[in-house]
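> Pasting a structure below so you can have a look.
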Amino acid sequence: MFDNIGQMVLLFWRTLGALPLAWRQRQKVFEQFFEIGNASLLMVCMLSFFIGGVLSLQTGPALVERGLPSAVGGIVGLAVARELAPVMMAILIAGRIGSAMAAEIGSMRVYQEIDALRTMNINPIHYLVLPRLVAIALALPMLVVLAILIGWFGGATVAEINHHMAIPFAVFFGDLRSMVELKDVANGVFKTFCFAIIIGTVSCHQGMATIGGPRGIGRSVTKAVVNSIILIVMFDYILTRLLLH
Amino acid sequence: MNSPAQKPDGVKLEVRGLRKSFASQEVLQGLDFTVQPGEIFVIMGPSGSGKSVLLKHLIGLEAPDAGEILVNGESIMTPEIAAKYRMALVFQSGALLNSLTVGENVGLYLTEHRLKPPAEIERIVREKLADVRLSEAIHKMPGELSGGMKKRAAIARALVIEPQLILYDEPTSELDPLSSVVIGQEIWNLNQNTRVTSLVVTHDRDLAFGVADRIAVMDGGQILTIGTPEAVKAFPDARVQTFLNADFKREPRFKNI
Ligand SMILES: Nc1ncnc2c1ncn2[C@@H]1O[C@H](COP(=O)(O)OP(=O)(O)OP(=O)(O)O)[C@@H](O)[C@H]1O
Ligand SMILES: [Mg+2]
């Protein structure tokens, strides 16, 4: 995996250089953007509701037992905004969208469609990579904002209906508001933006580097997802450490 | 060869000492030939002799290990050259973009480079599709086409570029005899009308001897002979003659059918 890092950085760098062309390719950016939304909106909602819920369930009763019911909202709020929503959604999107990107570009590579583009003087980075990278860098942070809100809602719901806690909605959100600052949400969203770039770059690079037939495409898809997830978890630590102060 | 009234648009193509290896296999073993502006040059040779690899070098998709390729005397390895001369390759498989309709594929070059307004592009696309008898397929996806239709769509896509050098990789494989004749006619017409330098790679002996100004026979990464169709037919090398005259009825086990 790490022998490819240089190539990935190069691909990212070239795409960045082509960024002024994004407006010209806006049609394709929108197409990709809506495809990402369509493919993942429902999953994001369900997943984040249950993530908030289970977090509430795991921490709530213990805190209430120790006489700290007012900490539940804050803990769930912070954990979801800073850590769980960004990382879980990025992993979900790596599986759902990164795999699709690698498969699509990989099959274009294998069936010589990318060669055909190059013979027409169409740069595959401008035509294929740029729209996908811009679209995912826009879509994933938006999805995560939504995921944070739904995650909080899930946490609050469980805190209210679970009889070990029975913390009313308004109290939960009051505690949450006193602990969670806008900065925390912003940190989470910024991390997500970085994860989106990782997913887009890794997946497009794997697609472009596909060799062999259908098996090669399968290999690329697997690698795209696995490498994305590894890098997401590593960068999560690095970014969290950097953003701490 | 050129009538003086027509402006010769085609480019001159020179290949000098071209070598290429993949892993340990030397696929191109030092090729030398020159294609004159406006000529139809046919390369024949058995499967695996390196014809498609050669075409990929000519269009700049592969870089040679040794040797050079010159277009009008300029090496194609210099980056500006691709923009300076219009060159097109019709892929053996067609290589249409599967996510676009046939019409979008054919117009892709013009749309992406914004060379014409949309209505004009639409008109050109219809015209070129009509040239290859594919008008009814304009809104179909490539997945819905037969192999031969894909090939014809790919030719239409190449015509849109209005190339000065056009490379055809097996233009008539997968085509029925009638369509083959149509494609052969189209290659000939295009060459006559625009003086485009045409390089045709094919196994199809009828096509080769029908359209060629000159023929090269290739085997095992080498050129065995180059000459006019008559000269090649008369060339006394055994490999050339076996290839040109291969006929399944002569094989013993077909004798009694
Ligand atoms: N990318 C590649 N990597 C490794 N080997 C390759 C590659 N491309 C082609 N080859 C090898 O080069 C040789 C020539 O291939 P090529 O496709 O040029 O044959 P061809 O003359 O076009 O045959 P056909 O008439 O069947 O299309 C083959 O032995 C093939 O295995
Ligand atoms: Mg071939």
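The values are calculated or read from the model by the stated rules, or taken from the named source; none is laboratory data. Computed from a predicted model, the values in this text were never measured in an experiment. Don't worry about glycine lacking a Cβ; one is built from the backbone with ideal geometry, like all the others, and counts go over all protein chains shown.
> Only strands (runs of 3 or more DSSP E) wholly contained in region B:18-123 count here; list those with 1 or more residues that are more than 14 Å from chain A (Cβ to nearest Cβ) and not hydrophobic (A, V, I, L, M, F, W, C).
Output list reads B:25-35, B:66-71.
> Here is a follow-up. Checking A:GLY17 against (1) of a type outside the set (Asp, Glu); (2) crowded, with 21+ Cβ neighbours inside 10 Å; (3) under 27 Å from B:LEU100 (Cβ atoms), which test does it fail?
For A:GLY17, the failing item is (2).
> What helices (runs of 4 or more DSSP H), lying completely within region A:78-131, carry at least 3 residues that are surrounded by 19 or more Cβ atoms within 10 Å (Cβ to Cβ) and among the small types (Gly, Ala, Ser)?
It comes to A:99-110.
> Among the listed residues B:GLU14, B:GLU62, which satisfies the condition of being over 17 Å from B:GLU170 (Cα atoms) and away from ligand 2 (no atom under 16 Å from the Cβ)?
That would be B:GLU14, the only listed residue that is over 17 Å from B:GLU170 (Cα atoms) and away from ligand 2 (no atom under 16 Å from the Cβ).
> Sticking with this one: Could you go through region B:113-123 and let me know if any residue there is surrounded by 18 or more Cβ atoms within 10 Å (Cβ to Cβ) and within 29 Å of B:LYS20 (Cβ to Cβ).
No, region B:113-123 contains no residue that is surrounded by 18 or more Cβ atoms within 10 Å (Cβ to Cβ) and within 29 Å of B:LYS20 (Cβ to Cβ).
> Could you check, for region B:48-63, whether at least one of its residues is among the polar types (S, T, N, Q) and in contact with a strand residue (DSSP E or B) (Cβ under 6 Å, 6 or more places away or on another chain)?
Yes; the residues of region B:48-63 include at least one that is among the polar types (S, T, N, Q) and in contact with a strand residue (DSSP E or B) (Cβ under 6 Å, 6 or more places away or on another chain).
> For region B:195-202, state whether one or more residues are touching an Asp or Glu at 6+ places or on another chain (Cβ under 6 Å), among the basic types (Lys, Arg) and at pLDDT 85 or above.
So far as region B:195-202 goes, yes, one or more of its residues are touching an Asp or Glu at 6+ places or on another chain (Cβ under 6 Å), among the basic types (Lys, Arg) and at pLDDT 85 or above.
> Being at pLDDT below 90, surrounded by 20 or more Cβ atoms within 10 Å (Cβ to Cβ) and in a loop (DSSP other than H, G, I, E, B), is that true of even one residue in region B:224-247?
no
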